[in-house]
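Just below is one structure, and these are the notes that go with it.
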Protein chains: 2
Amino acid sequence: MNGAESLVRSLSAGGVEVCFANPGTSEMQFVDALDRTRLMRCVLGLFEGVVSGAADGYARMAGKPAVTLLHLAPGLANAGANLHNAKKARSPMLNIVGNHTLRHLRYDAPLTADVPATASVFSDWVRTAQTADTIARDAIEGLAVATGHPGRIATLIAPADIGWQEGGVIAPPMQPHGPRALDPQVIARAVSALGPDALILCGGTVLEDPASTRLLAGIARQTGAKLMAPGSNRRIERGAGRANIPRIPYPIDMAIEQLAPFRRAVLIEAQPPVAFFAYPNRPSLLLPEACEVIQLAEFDQDGRAAVQALADSIGAKSARLTDPPRAEIPQAGPLQDLALSAAIASALPEGAIIIDESLTSANQVDSMSAGAPPHSWLSITGGAIGIGPPLSAGAAVACPDRPVIALQADGSAMYTLQALWTQAREGLNVTTIIFANKSYDLLKHELFKVGANPGPDALNLLDLRRPELDFISLAAGMGVPGRRVDCAAELHRTLSDAVIEPGPFLIEAIL
Amino acid sequence: MNGAESLVRSLSAGGVEVCFANPGTSEMQFVDALDRTRLMRCVLGLFEGVVSGAADGYARMAGKPAVTLLHLAPGLANAGANLHNAKKARSPMLNIVGNHTLRHLRYDAPLTADVPATASVFSDWVRTAQTADTIARDAIEGLAVATGHPGRIATLIAPADIGWQEGGVIAPPMQPHGPRALDPQVIARAVSALGPDALILCGGTVLEDPASTRLLAGIARQTGAKLMAPGSNRRIERGAGRANIPRIPYPIDMAIEQLAPFRRAVLIEAQPPVAFFAYPNRPSLLLPEACEVIQLAEFDQDGRAAVQALADSIGAKSARLTDPPRAEIPQAGPLQDLALSAAIASALPEGAIIIDESLTSANQVDSMSAGAPPHSWLSITGGAIGIGPPLSAGAAVACPDRPVIALQADGSAMYTLQALWTQAREGLNVTTIIFANKSYDLLKHELFKVGANPGPDALNLLDLRRPELDFISLAAGMGVPGRRVDCAAELHRTLSDAVIEPGPFLIEAIL
């Protein structure tokens, strides 16, 4: 058994079921091992950013890591933006990246570059395999690191000869580190902080657990504290029967305004909220300076246990929730933001997985879908655009029986549109709604904040017309059927049909 | 004048004419400065790999750097694969990468990541601007580094506040470092090494200068030495009236065989040839172990002067060259490799710029076009696939009066196909020929080298069918017209027409 086979067999025994791959020559022995063992589902991405984004989507929904198979430093760099998003999401992921053999690394071959340095930027753990009999143990250690609390990005660099040499040894599964214990003194401080001028900001695993958020709603009701969630989250379980927790808005002035009333903030798997970007004459931190911050659970502590501890201390119970009404199906009419949002929110089926890279469009889907059937909501966590199409693919691989609906800005879609091909190949039930505003609208807002009166050169750099992108054509080129829609009622109908049909579909919503 | 404006004005005065950009919020003050000054042509790429690949293509043809404008660590990572190719090409390039303000970097904002570490992997020079009054000087220093001999990748990290603060100071142009002087003793050794068992391996600027290659041909003829070029090169000026220098082939066994006869090798802006990858039971270095290597000019020395010095020492003159016959126009018939190559080689117009990311297809275009009208030939230099479409765009921006013909493998095209949109927007005369073999054919060859008998999982990972990619649809989606062709005579006609028509065109050649 060679090193590559020992790695595949050990990871499979450790619970890894899926390999998202864009391999090259230096990874051929791993492809060969995957092929001979047939222990994992192999999913090909036509670009490495598809691979890393899909692995993130899979991890968020499966609650456990997939492995990726990537080619040397350039392949790893291509995966970098979505590794960044996954790292900020604290998604578990294990990357296997090939490298030249040690003897070959001495020479400046065309593909020689610093793989460990490339890996370091977007990984929490990096190791280079040294021998065929230890590579499986390295991989299992990386898997344990990835699977801990919180999830981490582990990257194992696998020189080609370590993969092809005989002497591979199966490594037994390894228990990941559990969460660090909570501090009773901090719990007591948090309990005494709760009151009408307090914020409870909860993120991470808390938002994934409807029992915890219902309990939090009970705590809030009993103490008068306000519940909020960070602007971007790995996954929120929401909809009918679940607590509706508002998120901190993206625009800095709105965020500052909403957080202004608070004198105390209890943070559970969340950090003190920070602006996306710094601006002249605006603070970086969004809570008022005078606000006392109590870090009840850090990211490496168990937020759900923290919620339970709070509830136990004050004798709070899960809130009995009254669901907001479902959004109404809009009448025929243009896709202005309200009608656009209503068309989508009213069509969400039970168990939908919403992938949100909508940016400036359809901003009311969030509030309008609080009463929709229970669903999962996945955000872009690291601000690196181009995650929507692959995140959708990965989520659908993890949950083949649930419809995935991607709310997708047009400019961002173009970074990783190749994921549509993977959606078609794997027959994934993903419905992508492209919000075709035909510009980098978010950046236009930002440009005006710089204070300038933009001229043609600046606007040209933020404009996606000339030529217009035709997403129906682009999708067809990758085997994904689609329809162009400019009416709210038709969007509702088209989306309602698409989520029932198996396989991917793309709706180009003309704004 | 703010820092951003001082940077743009200084770089423009230093000779920079083009900015390839995919900016984000942290670069808005540079967008604003580009807009107000209108000193540079701004070219938008919909993905950062398009930006870096286009800047490389521009640099190779213009002989001077463009600047790129990139967004933080994820944007820089997305540019990484083609920065890698540009670095291996020794193309001059200056990247301006935004970063958060210093005060904001203390917090874990969504887009916070290690920009300097990301830059280091694929840059020769990295600096972070510190104040508004020195950022222009930093940029000019980076420009000088980039423009030296050889070309280098310089990356200036520009925190947002350094750009928006007032106090910018124009920096005067700076003379780049010229080449390091040649060593007369080494020249003497090289002269005495020349003979029938000697190889002259020449790369870099030598291949870009027809006078030097003609002189080399004269030296070879007089001494019996054999001329060769590395497998991949930044640019070769070739065709009728120019010396035809064969390149070292990609397949390792073929390369070893062709280099086996040599007892001495004189290297001019080239390194001892090394295999793309290491394989079991094959050496990394391709020259015979006993071969004496004389490094006449390193990359930082003037190869053209070295050629002249050799010629002067032995009294050699430029060779009088007999051009090989032009390739014949093929008859109607399927696109087998010979007919495919002939269809293309026979259609090359004078001044064509060939972008070669053909990989396993159309491998005889090279030999068949030695007698074609004079043209430039640009290769993928770092082995990071996905450079063809952007490299084409950049070359066309540099040379608006010359037709660009991209020989493009289908799998590789999918990494950076967004460049077609830039080609359409800028009205660039690029004709892309997609070699639709519908697989990662190169990797299939490599998989067989691993020695396995591939099964369905392995072949599935290297197969681009299910669904078939429709490049005509994909191109149409980005505003590029195209035609599908499966006949050699029709390919010849279609290509001949397309190079005359302005604007981009895509030919999907069904193999």
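Hydrodynamic radius of the range B:292-344 by the Kirkwood approach over all distinct alpha-carbon pairs: 15.4 Å.
Distance from the Cα centre of the range A:428-468 to that of the range B:281-319, in angstrom? If we compute the Cα centre of each part, the gap is 52 Å. Which of the listed residues, B:Cys399, B:Leu442, B:Ala488, is farthest toward the dipole's positive end in the range B:337-510, when Lys, Arg count +1 and Asp, Glu count -1 at the beta-carbon? Value computed over the given set: B:Leu442. Magnitude of the charge dipole for the protein assembly as shown, about its Cα centre and with charges confined to Cβ atoms of Lys, Arg (+1) and Asp, Glu (-1), is about 560 debye. Calculated translational diffusion coefficient of the range A:293-386 (10 °C, 1.306 mPa s; Stokes-Einstein with Kirkwood radius over alpha-carbon pairs) equals 98 µm²/s.
Remark: the range B:92-173 projects, on average over all directions, an area of 5.4 nm² (convex hull of Cα atoms). Charge tally for A:Val115 (other residues, Cβ to Cβ under 13 Å; Lys, Arg +1; Asp, Glu -1): -1. A P(r) calculated from all alpha carbon pairs of the range B:1-138, with 5 Å bins opening at zero, reads 2, 11, 21, 24, 23, 14, 5, 1, 0 percent.
Among the protein heavy atoms, those of A:Asp441 account for about 50 Å² of accessible surface (1.4 Å probe, every chain in place). Label point of B:Leu102 (7 Å along Cα→beta-carbon): distances to the other copies' equivalent points are 4.3 nm, sorted ascending.
Pairwise over distinct Cα atoms, reciprocal of the mean inverse distance: report the Kirkwood radius of the range B:36-83 in Å, one decimal place. Present the calculation step by step, with values, prior to reporting the outcome.
On the way: mean 1/r = 0.0889 Å⁻¹.
Answer for the range B:36-83: a Kirkwood hydrodynamic radius of 11.2 Å.
Ranked by the mean number of other Cβ atoms within 10 Å of their residues, highest first, the peptides B:465-473, A:182-190 fall in the order B:465-473, A:182-190. Using a 7 Å projection from Cα along Cα-to-Cβ, the label point at B:Gly178 is separated from the same position in the remaining copies by 7.2 nm, smallest value first.
Using helices alone, what [θ] at 222 nm do you get for chain B, with -39,500 (n - 2.57) per DSSP H run of 4 or more residues, divided over all residues and rounded to the nearest 500?
Details: 21 runs with 197 residues, N = 511.
Value at 222 nm, helices only, nearest 500: -11000 deg cm²/dmol.
Summary value for chain B: 15 percent relative contact order, contacts being C-alpha pairs under 8 angstrom separated by 6+ residues.
Backbone phi angles across the range B:164-181, fed through the Karplus curve with coefficients 6.51, -1.76 and 1.60 (θ = phi - 60°), yield HN-Hα couplings of 8, 6, 6, x, x, 10, 4, 9, x, x, 10, 6, x, 5, x, x, 5, 5 Hz in residue order; Gly and Pro are listed as x. Applying the Karplus relation 6.51 cos²θ - 1.76 cosθ + 1.60 with θ = phi - 60° to the range A:408-415 yields 3J(HN,Hα) values of 10, 5, 5, x, 5, 4, 5, 6 Hz, where x marks Gly and Pro.
In the range A:253-290, the residues whose accessible area drops by at least 50 square angstrom when the other protein chains are added to the isolated chain are A:Val274, A:Phe276, A:Phe277, A:Ala278, A:Ser284; the probe is 1.4 Å and only protein heavy atoms count. For B:Lys449, the aspartates and glutamates whose Cα comes closer than 14 Å to its Cα, not counting residues fewer than 8 places off in the same chain, are A:Glu27, A:Asp32, A:Asp161, B:Asp253, B:Asp441.
From the largest down, the range A:184-314 spans 44, 31, 27 angstrom on the principal axes of its Cα atoms. The alpha carbons of chain B stretch over 65, 60, 46 Å along the principal axes, in descending order.
Do any of B:Lys226/B:Lys317; A:Lys87/B:Lys87; A:Lys64/A:Lys88; A:Lys87/B:Lys88 go past 20 Å between their Cα atoms, and which? Numbers along the way, then the final one.
Working: B:Lys226/B:Lys317 16 Å; A:Lys87/B:Lys87 28 Å; A:Lys64/A:Lys88 16 Å; A:Lys87/B:Lys88 30 Å.
Beyond 20 Å between Cα atoms: A:Lys87/B:Lys87; A:Lys87/B:Lys88.
Projecting label points 7 angstrom from Cα along Cα→Cβ for B:Ser192 and A:Leu338 puts them 9.1 nm apart.
For the range A:337-510, a simple Cβ point-charge model (Lys and Arg +1, Asp and Glu -1, everything else neutral) yields a dipole of about 160 debye relative to the Cα centre. Sorted from closest to farthest, the other copies place their B:Leu459 label points 5.6 nm away, with each point set 7 Å from Cα along Cα→Cβ.
Atom-type composition of the exposed protein surface of the range A:131-253 places 55 percent of the accessible area on carbon and sulfur (1.4 angstrom probe). Distance between the modelled labels on B:Arg483 and A:Arg465, one decimal in nanometres: 3.1 nm (7 Å Cα→Cβ projection).
So what's the Cα pair-distance distribution over the range B:337-510, bin width 5 Å, in %? It works out to 1, 9, 18, 22, 21, 15, 7, 4, 2, 1, in whole percents.
All other residues with a Cβ under 14 Å from the Cβ of A:His149 taken together, and with Lys, Arg as +1 and Asp, Glu as -1, what is their net charge?
Details: positive: A:Lys64, A:Arg90, A:Arg152, A:Arg180, A:Arg234, A:Arg304; negative: A:Asp124, A:Glu208, A:Asp209, A:Glu269, A:Glu298, A:Asp300, A:Asp302.
Once all neighbours under 14 Å are counted, the net charge is -1.
Projected over all directions and averaged, the alpha-carbon convex hull of the protein assembly as shown occupies 38.9 nm².
Just the number please: accessible area per residue for the protein assembly as shown, 1.4 Å probe, all protein chains included, in Å².
Values: 33700 Å² over 1022 residues.
Here the per-residue accessible area is 33 Å².
What is the log10 of I(q)/I(0) for the range B:415-511, computed with the Debye formula using one identical point scatterer on each Cα and no solvent, at q = 0.13, 0.23, 0.24 Å⁻¹? With no solvent term, the Cα-only Debye profile gives -0.55, -1.12, -1.17. Heavy atoms of chains A and B lose about 8100 Å² of accessible surface on contact, summed over both sides with a 1.4 Å probe. Evaluated with a Cβ-only charge set (Lys, Arg +1; Asp, Glu -1), chain B carries a dipole of roughly 820 debye about its Cα centre, given to the nearest 20.
The radius of gyration of the Cα set in the range B:126-254, together with its Dmax, comes out at 21.6, 66 angstrom.
Taking only C-alpha pairs under 8 Å that are 6+ residues apart, what is the relative contact order of the range A:3-164 in percent?
Working: 357 pairs, mean separation 45.7, N = 162.
28 percent.
Between B:Ala89, B:Leu44, B:Asn22, the Cα set farthest toward the positive side of the dipole of the range B:1-98 (charges on each charged residue's Cβ, about the Cα centre) is that of B:Ala89.
The values are calculated or read from the model by the stated rules, or taken from the named source; none is laboratory data. These numbers come from a predicted model, not from an experiment. So basically every Cβ, Gly included, is an ideal-geometry build from the backbone, and we count neighbours across all protein chains shown. Keep in mind that these areas ignore ligands, DNA and RNA; they rest on the heavy atoms of the full protein, side chains included. Shrake-Rupley method; radii C 1.70, N 1.55, O 1.52, S 1.80 Å.
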